[in-house]
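To start, the structure itself, in structure tokens.
The values are calculated or read from the model by the stated rules, or taken from the named source; none is laboratory data. Fair warning: this is a prediction, and the values are worked out from it, not measured in the lab. All Cβ positions, even for glycine, are placed from backbone atoms using ideal geometry, and neighbour counts span all protein chains on display. Only protein heavy atoms, including side chains, enter the accessible area calculation; ligands, DNA and RNA are left aside. Shrake-Rupley method; radii C 1.70, N 1.55, O 1.52, S 1.80 Å.
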Amino acid sequence: MKKILFILVFCFLATPLSVLASADTDGDGINDKDEQEVYFTDPLKADTDGDGHNDKEELTNGYSPHNPKPVKLEDNDADNDGLSDRMELNFHTNLLNPDTDGDGYKDGEEIDNGYNPLSQEKEKLKKRIEINTTKQELSYWLGTVRMDIFKISSGKISTPTPKGRFVVDGKVPKAWSGNYGLWMPWFMSLKKGLFGIHELPVWPNGYREGENHLGTAVSHGCIRLGVGPAEKLYNWTPIGTEVIIN
Ligand SMILES: [Ca+2]
Ligand SMILES: [Ca+2]
Ligand SMILES: [Ca+2]
Ligand SMILES: [Ca+2]
């Protein structure tokens, strides 16, 4: 009897709450709770930034609901904290508060330095690199968020790139390959230099292997990145970072 009574009471309590949570007061297609806690849009105003497009329409098409100009989420930084609206959504930070966790460091600063922007503790988020040899792509992750994705060139069929789980065990800004007689800029070593990740190689006479190789498996086993992405990833990656190759 007590149990039935409890279930009845629970139902009475739970129903109005869940209805409340899913209410869409301004009728823009996003419920009040998500407007307040996810998108930081106005739950009482269908078109938060007043540009004639409602919040749902903007988000669905990749535009920021916090800018009356047609600016994409990845190009808008509503709270000017160095983190785009797109990345704020990915990291579940507050788009309108530059320091979501109130620890004195801006969200963008925390992400740039690998810290959790949702924790006041000095807690680092895990870094990880993933390489997909089928798609010829490399992506790198901070916690659960993919930071970027680059085209690669991995090992050709006769000298395939090893697959599995590896760890970056060394870094050299400009490594020399004695075996092949060429420079490998921004070299990150895997398996003690058995192979690695580096920029498109440069011959001793200065000739650089063409960027048109990116997207095609033509290397001797290393993972080649384009000019720009290689240096960016090198600077982002600490020794000890996990590398998953599929
Ligand atoms: Ca709404
Ligand atoms: Ca709008
Ligand atoms: Ca921001
Ligand atoms: Ca902070």
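Between Glu121 and Ile149, with labels modelled 7 Å along Cα→Cβ, what's the label distance in nm to one decimal, could you check?
Distance between label points: 3.3 nm.
Within 10 Å of each candidate Cβ there may be at most 15 other Cβ atoms; applying that plus a DSSP loop requirement, which chymotrypsin sites (Phe, Trp or Tyr not before Pro) in the range 181-212 survive? Could the numbers behind the result be given before it?
Working: sites: Trp183, Trp186, Phe187, Phe195, Tyr207; in loops: Tyr207.
Answer in residue order: Tyr207.
Once the Cβ-Cβ distance between Leu44 and Tyr180 is put in as r, and R0 is 41 Å, what FRET efficiency do you end up with, to the nearest 0.05? Walk me through the intermediate numbers first.
Numbers: r = 65 Å, r/R0 = 1.57.
Efficiency computed from Cβ-Cβ geometry: 0.05.
Would you work out which of Thr159, Gly210, Pro229 lies farthest towards the positive end of the dipole of the range 138-246, given +1 charges on the beta-carbon of Lys and Arg and -1 on that of Asp and Glu, about the Cα centre?
Positive-end residue among those listed: Thr159.
Among the trypsin sites (Lys or Arg not before Pro) in the range 191-246, which ones are in a DSSP loop with at most 10 other Cβ atoms within 10 Å of the Cβ? Mind listing them?
On the way: sites: Lys191, Lys192, Arg208, Arg224, Lys232; in loops: Lys191, Lys192.
Those satisfying the criteria are Lys192.
Angle between the Cα long axis of helix 2-21 and the longest principal axis of the chain, 0 to 90 degrees, nearest 10?
Between helix and principal axis, roughly 70 degrees.
Zone of Thr25 (label point 7 Å along Cα→Cβ, backbone N under 20 Å): which residues in the range 35-74?
Those under the cut-off are 35-51, 54-57, 65-66.
Counting only the backbone N, which residues of the range 121-147 are under 20 Å from the spot 7 Å out from the Cα of Asp103 toward its beta-carbon?
121-128, 141-147
Based on the mean of other Cβ atoms within 10 Å per residue, sort peptides 234-242, 144-152 so the most packed one is first.
Values: 234-242: 14.0, 144-152: 15.7.
Top of the packing list down: 144-152, 234-242.
Return one whole number: the accessible area per residue of the range 24-112 in Å², for a 1.4 Å probe. Could the numbers behind the result be given before it?
Numbers: 4460 Å² over 89 residues.
Roughly 50 Å² per residue, with all protein chains present.
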